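S.K.: Dropping a structure here in structure tokens format, bear with me for questions.
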Amino acid sequence: MPDALLLAQMALLLAAIGAVAGVIAGLLGVGGGIVLVPAFFYAFTALGYGGPQLMQVCLATSLATIIVTSLKSVRAHNRKGAVEWPILRGWGPWIAAGAVVGVIAASGLRSVVLQGIFGVLGLAVGFYLAFGKAHWRLGESMPQGVPRAVTGSVLGFLSVLMGIGGGSFGVPLMSLFGVPIHRAVATAAGFGVIIAVPSVVGFLLLPIDSPPPLTLGAVNLPAFVLVIAMTMITTPWGVKLAHAMDPKPLKRVFALFIMIMALNMLRKAVGY
């Protein structure tokens, strides 16, 4: 059993991570997973918890928090009539299927491989945040049939491998096919629930060697509770800041931050 000082340090680190993630989510409308996964990884590593399955713990715990935050977000957006339910119904089964395959794949990969995957995909997300344009289009309506099945499955699969919800991939995807940005953000929150629920169920059944304290399956319970508690407090602060200042330059700074974290993950993955 870890000593009280180590547990206190862990609690303080996790509370700080949750506070920052909440402000960023409220300020920039970016899901917390893109911040939480590397933050969990560095925090647990600093506390002396490593091992070949540490990234699985980080992914699973991030996805567990997304269940709560995405449900809250969907309810809020739905009250304003912003959720595109036909898109959710049509894409949901394929996204969920991709998420399940993502859990199976993540369960069999070493932590270092997942670090590399996070680094590559994180760079892609960062570049889009920094340089993506609102007028870019791939089509005037969302794909149907086989293209929808393939795209939805890939979205769910990659999201699980990064431990993120629907925003980082879902919002750009819907925007590229003509869905207005506020409706894309609202609907992507629903993607987050569809991704997180089946993946967390799978991760809860995954045995982990030498996990951080109080970890159930691959989900670290203190991290889950503290992050949820802090984001509930600090997300409204981020929303207030977003209304008080221009978020565009801040989004570029955040994109640079994401790319630096992604590059650092890649550096660790290759052993430097």
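We did not get these values from a lab; they are worked out from the coordinates using the rules stated. All figures in this text were calculated on a predicted structure; none of them were measured in a lab. Every residue, glycine among them, receives a Cβ derived from its backbone with ideal geometry; neighbour counts consider all protein chains shown.
S.K.: Quick check for the chain: number of Lys pairs with alpha-carbon distance under 16 Å, counting only pairs 8 or more apart or on different chains? The partial results should precede the final answer.
M.R.: Working: Lys72/Lys80; Lys133/Lys248; Lys133/Lys251; Lys240/Lys248; Lys240/Lys251.
Number of lysine pairs found: 5.
S.K.: Through the Karplus equation 6.51 cos²θ - 1.76 cosθ + 1.60, θ set to phi - 60°, convert the phi angles of the range 43-54 into ³J(HN,Hα) values in whole Hz; use x for Gly and Pro.
M.R.: Values per residue, Gly and Pro as x: 5, 5, 5, 4, 7, x, 9, x, x, x, 10, 4 Hz.
S.K.: OK, next. List the chymotrypsin sites (Phe, Trp or Tyr not before Pro) in the range 57-138 that DSSP assigns to loop (not H, G, I, E or B) and whose Cβ has at most 11 other Cβ atoms within 10 Å. Which are they? Before the final figure, lay out the partial values.
M.R.: Numbers: sites: Trp91, Trp94, Phe118, Phe127, Tyr128, Phe131, Trp136; in loops: Trp136.
Of the chymotrypsin sites (Phe, Trp or Tyr not before Pro), the ones in loops of the range 57-138 whose Cβ has at most 11 other Cβ atoms within 10 Å are Trp136.
S.K.: Can you sort Leu47, Leu121 by how many other beta carbons sit within 10 Å, fewest first?
M.R.: Working: Leu47 17, Leu121 20.
Fewest-to-most Cβ neighbours within 10 Å comes out as Leu47, Leu121.
S.K.: Would you please give the residues with an amide H less than 5 Å from that of Asn220, counting only those at least 5 places away or on a separate chain, with H modeled from the backbone geometry?
M.R.: Here Thr61 satisfy the definition.
S.K.: Follow-up. Using only helices, what value at 222 nm comes out for the chain when you add -39,500 (n - 2.57) per DSSP H run of length 4 or more and divide by the total residues, to the nearest 500 deg cm²/dmol? Intermediate results must be reported in sequence, preceding the final value.
M.R.: On the way: 10 runs with 208 residues, N = 272.
When only DSSP H runs of four or more count, the value is -26500 deg cm²/dmol.
S.K.: Now for a separate question. Provide the convex hull volume over Cα atoms per residue for the chain, in Å³.
M.R.: Numbers: hull volume 32.3 nm³, N = 272.
It comes to 119 Å³ per residue, whole-number rounded.
S.K.: Next question. The range 80-171: which trypsin sites (Lys or Arg not before Pro) are DSSP loop and have at most 15 other beta-carbon atoms within 10 angstrom? Spell out each step's value before the answer.
M.R.: Values: sites: Lys80, Arg89, Arg110, Lys133, Arg137, Arg148; in loops: Lys80, Arg110, Lys133, Arg137.
Sites meeting the loop and neighbour criteria: Lys80, Arg110, Lys133, Arg137.
S.K.: Here is a follow-up. Can you work out ³J(HN,Hα) from phi for every residue in the range 110-124, in order, using Karplus 6.51 cos²θ - 1.76 cosθ + 1.60 and θ = phi - 60°, giving whole Hz and x for Gly and Pro?
M.R.: 6, 4, 5, 5, 5, 4, x, 4, 4, x, 5, 5, x, 4, 4
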